[in-house]
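Below is one structure, written out as structure tokens, with a few remarks after it.
No lab work stands behind these numbers, since they all come straight from the coordinates. Everything quoted here is computed from the prediction, not taken from an experiment. Don't worry about glycine lacking a Cβ; one is built from the backbone with ideal geometry, like all the others, and counts go over all protein chains shown.
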Amino acid sequence: MSMLTPPGMGGKYRITGDVYPRMRRPHRRRRIVLASAAAVVVLGAAGWGTLQLVDVFSGDGGTKTTAGKQTDCKPAPKATAAPAAAFPRPAQITVNVYNATSRSGLAKTTADELKKRGFKIGKVGNAPAAYDKKVPGAGLLLGAPAATKGTFRVLGTQLAGATTKTDTRGTTDVDLIIGTAFKTLSPKATADAALVALTKPAPAVKPCR
């Protein structure tokens, strides 16, 4: 009997040899595996954070990558809205309406509609001989060279397809000569939207991010 066998025990309870059997908790191996995996995750996170700090302090923050493609981002000036051009209001524009077609009554009905839309109406009648039945499009806007700076564009919102021409007059009034292709003025809702788009400020330039 081995000296490791307690007194009074023998047979199948007899311990042979002179070394106690090694005892280990059944869950110790699992804990070791979990602890090792946690250590790998922590080390990986620490390495990623270190790389981020290196990028920040090395001055690479101004360059961004998208889908593996590098793009340069240059500083932009402070974003400001561009001021709207100074266009005259319809009430500041005097329009002479002339009919250059063979259809009667167009000058008056067109002048009445323009008046409802806020324009001042001057002369109304048949077109001068130089333009009578000689305007093939929807209409012709005729005025002094200064009208090209804003008056033509404001009046042009009321008639799509109208062409423009300048003459030597010294007044600020403009002529709307109705052409043979004329059907009707642009719908009021469409004309109003065009006026808003014409006079609103240009969109602000956004800085690069």
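The table below gives the values:
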read-out: Ala129/Thr184 FRET efficiency (R0 35 Å; Cβ-Cβ; nearest 0.05); value: 0.85
read-out: Fully extended contour minus Cα-Cα distance, from Lys149 to Lys120, at 0.36 nm per residue; value: 8.6 nm
read-out: Added length on full extension, which subtracts the Cα-Cα distance from 0.36 nm per residue, Thr109 to Asp192; value: 28.0 nm
read-out: Built amide H within the under 5 Å cut-off of Gly139, gap 5+; value: Thr163, Gly179
read-out: Electrostatic dipole magnitude of the stretch 95-208 [Cβ: Lys, Arg +1; Asp, Glu -1; Cα centre; debye, to 20]; value: 180
